[in-house]
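Taking it in order: structure first as structure tokens, then the write-up.
The values are calculated or read from the model by the stated rules, or taken from the named source; none is laboratory data. Model, not experiment: these values are computed from the prediction. Here the Cβ positions follow ideal geometry from the backbone for every residue, glycine too, while neighbour counts run over all protein chains shown.
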Amino acid sequence: MSALLPLAKDAALRKVEERVRTLDRTYVVRWIAGNLWLADDLARRYARDLRAWKGTVLEMLATMSADELLAACRNARPDLSDLWDTPEARAKVEEELRRARALVENL
């Protein structure tokens with residue numbers, strides 16, 4: 001299964017980039033400060049795939065870092081780098097990772 005990890009990680013980061021690319025500045029500010037969750041949205045959209053590949057997804061999430069996710073956010077929306085570079089954004093991304101793991105575990 002570990003041979004699939006790089007592919008899974010790349011696919012997950014691309015999905016994050018796709019989702020972040022559609023967000024406007026106001027939403028990102030609210031997301032960092034509030035109870036909005038991107039992990040929930042992605043889990044709903046891809047629930048069938050997540051169930052089918054649950055073990056690989058959990059293994060991949062265990063190897064994914066906040067830095068990688070923030071890099072994907074910066075890549076998708078470089079105009080919001082002032083937001084991505086804040087400690088609050090890092091904390092929110094770390095929470096998103098924890099939440100994503102819990103959502104996949106409970107599928």
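Some observations on this one:
One line per residue, one yes/no per condition, for (1) in contact with a His (Cβ under 6 Å, 6 or more places away or on another chain); (2) buried (at least 16 other Cβ atoms within 10 Å of the Cβ); (3) touching a residue at least 60 places away in the same chain (Cβ under 8 Å):
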site	(1), (2), (3)
T22	no, no, no
W37	no, yes, yes
R44	no, no, no
R48	no, no, no
A52	no, no, no
T56	no, yes, no
E59	no, yes, no
P87	no, no, no
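- Within region 35-57, considering residues that are in contact with a helix residue (DSSP H, G or I) (Cβ under 9 Å, 6 or more places away or on another chain) and either of a type in the set (V, I, T) or not in a helix (DSSP H, G or I) (or both), the one farthest from P87 (Cα to Cα): W53
- Single match in R25, R14 (criterion: under 16 Å from the mean Cα position of the chain (by Cα) and over 13 Å from E96 (Cα atoms)): R14
- V104 meets each of the listed conditions (1) crowded, with 18+ Cβ neighbours inside 10 Å; (2) at pLDDT 95 or above apart from (2).
To keep it simple, each residue is scored yes or no on (1) in a helix (DSSP H, G or I); (2) without any contact (Cβ under 8 Å) to a residue 24 or more places away in the chain; (3) closer than 21 Å to L107 by Cα; (4) touching a helix residue (DSSP H, G or I) at 6+ places or on another chain (Cβ under 6 Å).
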position: L7; (1), (2), (3), (4): yes, yes, no, no
position: L13; (1), (2), (3), (4): yes, no, yes, yes
position: L69; (1), (2), (3), (4): yes, no, no, yes
position: S81; (1), (2), (3), (4): yes, yes, no, yes
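- A Cβ distance below 7 Å, combined with a sequence gap of six or more or placement on separate chains, defines the contacts here; from region 89-107, residues that are on the phi < 0 side of the Ramachandran plot reach residues that are exposed (fewer than 13 other Cβ atoms within 10 Å of the Cβ) in the pairs L107/R51.
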